[in-house]
1. Taking Cα centroids, how far is segment 232-276 from segment 6-67 in Å?
2. ³J(HN,Hα) across segment 285-291 via Karplus (A = 6.51, B = -1.76, C = 1.60, θ = phi - 60°), whole Hz, x for Gly/Pro?
3. Work out from phi, with θ = phi - 60° and the Karplus expression 6.51 cos²θ - 1.76 cosθ + 1.60, the ³J(HN,Hα) of each residue of segment 188-195, listed in order in whole Hz, and give x for Gly and Pro.
4. Which of the GluC sites (Glu not before Pro) across segment 1-93 are loop residues per DSSP, with 13 or fewer other Cβ within 10 Å?
5. For the chain, what is the accessible area per residue in Å², given a 1.4 Å probe and the full set of protein chains?
6. Which loop GluC sites (Glu not before Pro) in segment 143-195, with loop taken from DSSP, have no more than 15 other Cβ atoms within 10 angstrom of their Cβ?
7. Using only alpha carbon pairs under 8 Å that are at least six residues apart, calculate the relative contact order of the chain and give it in whole percent.
8. Of all accessible surface on the chain at a 1.4 Å probe, what whole percent is carbon and sulfur?
Amino acid sequence: MRVQPLHPGFAAEAEAIDLSQPLNDADIASIWQAIDTYPVLVFRGQRLTDTQLRDFAARFGPLEIGRAAMRPGPRRLAIPQIGDISNLDEDNKVRALTDRRRLDSLGNRLWHTDASYMPVPVVLGMLHAVALPPPSPFGNGETEFADMRAAYAALSEATKAAIDDLVVEHDVFWSRAQIGFTEFPQGERDRFPPSPQRLVRRMAAAGQKTLYLSAHASHVVGWPVADGRLLLMDLTAHATQTRFVYSHTWRVGDVVIWDNRCTMHRGRPHDEAQPRDLRRATTLDARSTLEEAA
Ligand code: OGA
Ligand code: MN
């Protein structure tokens, strides 16, 4: 598969293949190969139904059912494996500024990797743009991605040695607390307890080490909370410097695939009065990061 780099060794645009059509094993293998080199991979000009997005994503692994889709009650999208990354309610109306689902989803504006608070986290995220807002004074709803392999490689050897074996506790309620959102439905805190994850992971395919950071990352196991939190803040500031970041400006029809194991991402602000509708499929990993080879 031909790709056009957008950011060296990190993000690329793939040649236009139609992801709505069934792909053969060689096609899937060549997309995997591209992801191993470019963990942010952009496909333009797609028009996928939710079923087509799910079926395409399922070729890459078992699919996650996200925290929002697991809640009881009505939902805008029919397929639980399709995450609703929008500001719309069940009637396709833009949610009020005070809407709890909207406030919860604002956690996506913090640099994070998806679902790192789960004992077994996720691998690929795939976002498909269905409707986009116009520009706003605070941002245009871009999604930014940060290269955590390059960020790790740029650390000093002494820092690498000091952090290589650390374990970090990841907690979705910590990421939400950072933006002042602390109210959750009865029982939700019990359903999503924190999970320990390696701070430094090794990519299975090419063997590079990568930082595994996230807004969910709360503290370092075995350290005073304050010390661990400060280290995580320093590492996050390091890893999200402009030189490590690719900012994706969305067009309707884009599919962006990213590897959550070696990237962070965040959404940018946009005009909250206008619909922004993206659909996400996410593949699950096979084991906890603690069970991976160091
Ligand atoms: C996500 C996410 C950011 C955005 O879908 O996982 O963090 O720009 N999205 O919507
Ligand atoms: Mn996310």
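1. Each part's Cα centre sits 17 Å from the other's.
2. Listing the rounded values in order: 7, 9, 7, 4, 4, 5, 8 Hz.
3. 5, 4, 6, 6, 10, x, x, 10
4. Details: sites: GLU13, GLU15, GLU64, GLU90; in loops: GLU15, GLU64, GLU90.
Counting only loop positions with at most 13 other Cβ atoms within 10 Å, the GluC sites (Glu not before Pro) in segment 1-93 are GLU15, GLU90.
5. Working: 13080 Å² over 294 residues.
Per residue, the chain has an accessible area of 44 Å².
6. Working: sites: GLU144, GLU157, GLU169, GLU183, GLU188; in loops: GLU183.
When the GluC sites (Glu not before Pro) of segment 143-195 are filtered for loop state and at most 15 Cβ neighbours within 10 Å, GLU183 remain.
7. Relative contact order, the chain: 33 percent.
8. Numbers: 6980 of 13080 Å².
It is 53 percent, rounded to a whole number.
The values are calculated or read from the model by the stated rules, or taken from the named source; none is laboratory data. Small disclaimer: the values here were computed from a predicted structure and weren't measured. A quick note on method: Cβ atoms are made from the backbone with ideal geometry, for glycine too, and the neighbour counts reach across all protein chains shown. To get the accessible areas, we keep the full protein, side chains included, count just its heavy atoms, and leave off ligands, DNA and RNA. Shrake-Rupley method; radii C 1.70, N 1.55, O 1.52, S 1.80 Å.
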